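Okay, so here's the structure we're looking at.
The values are calculated or read from the model by the stated rules, or taken from the named source; none is laboratory data. Keep in mind that this is a model prediction, so the values were computed, not measured. Every residue, glycine as well, gets a Cβ built from its backbone with ideal geometry; the counts of neighbours run over all protein chains shown. In case anyone asks, the SASA skips ligands and DNA or RNA and just uses the protein heavy atoms, side chains included. Shrake-Rupley method; radii C 1.70, N 1.55, O 1.52, S 1.80 Å.
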Amino acid sequence: MLHRLSLRVLTLVILWMGLGVLKLDDMTESGFFLQGAVFSFLILAGALFEIFFCYQGDPYLLPVVQTILAIGLVFLARINPALAADQFIWANLGLIIYYAVFFILRDYRKLGEYQYLWGMLALLMLLLTLIFGTTINGATSWFRFAGMGFQPEELVKVALLLFLASYLSDNKELLRFGTIQVGKFSLPDAKTMGPFVFIGVFVLGLLGAQKSLGTALVFFLLMVFILYVATERLLYLVVSVPLVIATGAAGYFLFDHVRVRVATWINPWLDASGGAYQISQSIFAISGGRLLGTGLGNGIGAYQIPNADTDFIFSVVAEEIGFIGAMAVISLFIIVVMRCFCVSTRAVDRFGQILAAGIGILIGVEALIILAGVTKMLPLTGLPLPWMSRGGSSMVGHFLLLGILAGISHSSAFSVSQIPIGKQADAL
């Protein structure tokens, strides 16, 4: 009990110290203290909820995510207090969704019974977005109503993951060993591979039509890596390389904004005050942070970098708390991914193993692409950093996945606890 509460208290210390420093520098409003109090109550109440319902799952996963969330809230309050006020609401809603999913979803394996429903739901949401959605920053990936916006593709991630986990758990052996011989390789037949290819092609095609190419890249890598994790066949990774090159080249020649992003990635200094202004300011901010940073509230990146509250929030973090702080944030994401794979290895059924691994792959791929983009290791994608960047859609989608992951972890631990001690090692 004390262990669970101590992890939450550490998260709240980070939150309140950050808000306190901003308040002392007159960079935030007193209204945040009420929102922070609600957030703190939900965190502590959640810890008591876990104790009351005898939660036996991974004890570190949620506290680490809450720490990432707290850091994101502090820096959003520093960058734009008005947007941070909305983000506090989404953060509180996300925590409620997490516990609601964990409490309601008593047996996550039932999700695997609706394999093709999840696939069709993913396609339907993307199709409706393409037809009725609103175009923002060149991508038709938003629904707007009552002055609010929502990105259905964040829920598509959940549906697609559920389809992939269910499909791969049913066809693991056929995909791994194949049924037809082509030269030296044994490959699955069209009946086995058909649903995977059908859903994949249409999902990526609809995202391409929406010009949501960053999300398309995430989905493509998710499908390739989860297929490799499930089958352990290097062939699938090798085949994906020319596909990435071909689709990347197609996107480059078809879309103007992709050519601009590639050009600014190769040499941002040719147009540092124009199309490459955002990435050049990001580089200046990160380099200005040095080892220990300029101090919370003392950086210029929060004002200079356009849309610093979205994917470029990491640049502000690196500037104001330095290389050490930036590495701490990256380490937190690494811990989350590692804990996802720990849950995967301990799951007692194939569906749970693949689903937990898929959630870890998704979070890892998203974080890697975003962090590589703001540091000029890859072209920019415009994706939000999970739990840190502003975005209610992203918050809801990732807490939904986290709630499912908690259900897998708890069910696995409970199932193992029912096995005689001498046979628990074999079960794990």
The correct count of residues that are in contact with a Leu (Cβ under 9 Å, 6 or more places away or on another chain), surrounded by fewer than 24 Cβ atoms within 10 Å (Cβ to Cβ) and over 25 Å from Ile361 (Cα atoms) in region 297-320 is 1
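Restricting to region 257-274, and then to whatever is within 23 Å of Ala209 (Cα to Cα) and open to solvent by less than 40 Å² (accessible area, probe 1.4 Å), can you tell me which residue is modelled with the highest pLDDT? Explain how you work it out, then say what you get.
So in region 257-274, the residues within 23 Å of Ala209 (Cα to Cα) come out as 257-263.
Okay, now just the ones that are also open to solvent by less than 40 Å² (accessible area, probe 1.4 Å), so 258, 262.
Values: Val258: 78, Val262: 85.
Going through the qualifying residues, I end up with Val262.
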Check on Ala246, of a type outside the set (S, T, N, Q) and modelled with pLDDT under 80: no
From the set of residues in region 300-348 that are charged (D, E, K, R) and not in a helix (DSSP H, G or I), which is nearest to Ala82 (Cα to Cα)? Asp309
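When the residues of region 1-52 are filtered to those that are outside any helix (DSSP H, G or I) and open to solvent by less than 80 Å² (accessible area, probe 1.4 Å), which remaining residue is modelled with the highest pLDDT? Steps first, answer last, please.
Keep residues of region 1-52 that are outside any helix (DSSP H, G or I), which gives 1, 25-30.
Now narrow it down to the ones that are open to solvent by less than 80 Å² (accessible area, probe 1.4 Å): 25, 27-28, 30.
Values: Asp25: 77, Met27: 72, Thr28: 70, Ser30: 63.
Selected residue: Asp25.
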Pull up region 87-132, narrow it to residues that are without any contact (Cβ under 8 Å) to a residue 60 or more places away in the chain, over 30 Å from Phe33 (Cβ atoms) and among the aliphatic types (A, V, I, L, M), then point me to the one that is surrounded by the most Cβ atoms within 10 Å (Cβ to Cβ). Met125
Could you say whether any residue in region 129-143 is under 20 Å from Gly200 (Cβ atoms) and at pLDDT 85 or above? yes
Output the residue which, of all residues in region 110-165 that are of a type in the set (A, V, I, L, M, F, W, C) and not in a helix (DSSP H, G or I), is farthest from the chain's Cα centre (by Cα). Ala146
If you go through Ala328, Ala302, the only one that is within 18 Å of the chain's Cα centre (by Cα) and among the small types (Gly, Ala, Ser) is Ala328
Residue count for region 160-197, restricted to those that are closer than 29 Å to Gly397 by Cβ and either touching a Ser or Thr at 6+ places or on another chain (Cβ under 6 Å) or touching a residue at least 40 places away in the same chain (Cβ under 8 Å) (or both): 15
